[in-house]
Each structure stands twice: as structure tokens, then as C-alpha cells.
Ligand code: FES
């Protein structure tokens, strides 16, 4: 069960224990981060699960998938370290992950 550090839209950071075997979006929702709207339920078609990966985590997790890249790069809040959290699987390798929840655009 990795522990990740989540910064919400209000700028509050908190460590969260997340279960492996689910998406990061599901883990965030399960832990009460309602800033993540996840309107499409994880189908990579809404971009309302947008997060930024801090530090070197973007490089560590590898490139975005093609569909994810097209979708997230079309939102105004896009940054180089943007990811859709529904496209990240929680594994033990995420121990110490630091993310910031982005403004959601639907
Ligand atoms: S939940 Fe819709 S793209 Fe991630």
C-alpha cells in the first residue's frame, strides 16, 4: 500500500495510503478528493481526472498514452507534467509519488 502526497485545489497537501490494483483516479476518489470529478468513469474521454506529477515523477512513470496525450493536451490547464489519473495504475512503485490536482475542465 504505497503512500502518496496529494495537493488539492486549495493548496493543502496530505499523505494518503492508497491500495494497489486500482487506478490513481479511483484511489483519489476513494480517499475523498472530490476535486477529481472523473465524469467518464475512467474511460479516458473526459479529462476531469487531471493531475500534475511533481518532481521527477513524470519521467519515472513514462510517457502518456496516445489517447491520453491527445485528450489532456487539449485542456487549458495542460502542463508538461500533466497526466490523467485514470490512466495511472497504483502499484508499490508509486511509493512517495507527489501529485497536485489540476483545475478540472469538462
Ligand atoms: S476519468 Fe475521464 S479521462 Fe479520466
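The values are calculated or read from the model by the stated rules, or taken from the named source; none is laboratory data. All figures in this text were calculated on a predicted structure; none of them were measured in a lab. With ideal geometry, Cβ positions are generated from the backbone for all residues, glycine too; neighbour counts draw on all protein chains shown.
The table for this structure:
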read-out: Hey, residue 83 surrounded by 13 or more Cβ atoms within 10 Å (Cβ to Cβ), modelled with pLDDT of 95 or more and not in a loop (DSSP other than H, G, I, E, B) or not; value: yes
read-out: Scan of the range 6-24 for residues that are in a loop (DSSP other than H, G, I, E, B) and either farther than 15 Å from residue 101 by Cα or within 13 Å of the ligand (Cβ to nearest atom) (or both), ordered by number; value: 18, 19, 20, 21, 22
read-out: Residue that is farthest from the ligand (Cβ to nearest atom), among those in the range 25-46 that are crowded, with 16+ Cβ neighbours inside 10 Å and in a helix (DSSP H, G or I); value: 27
read-out: Options 56, 8, 17: the member that is surrounded by 12 or more Cβ atoms within 10 Å (Cβ to Cβ) and closer than 19 Å to residue 94 by Cα; value: 8
read-out: Extreme residue, surrounded by the fewest Cβ atoms within 10 Å (Cβ to Cβ), among residues of the range 59-76 that are assigned to a helix (DSSP H, G or I) and within 16 Å of the ligand (Cβ to nearest atom); value: 66
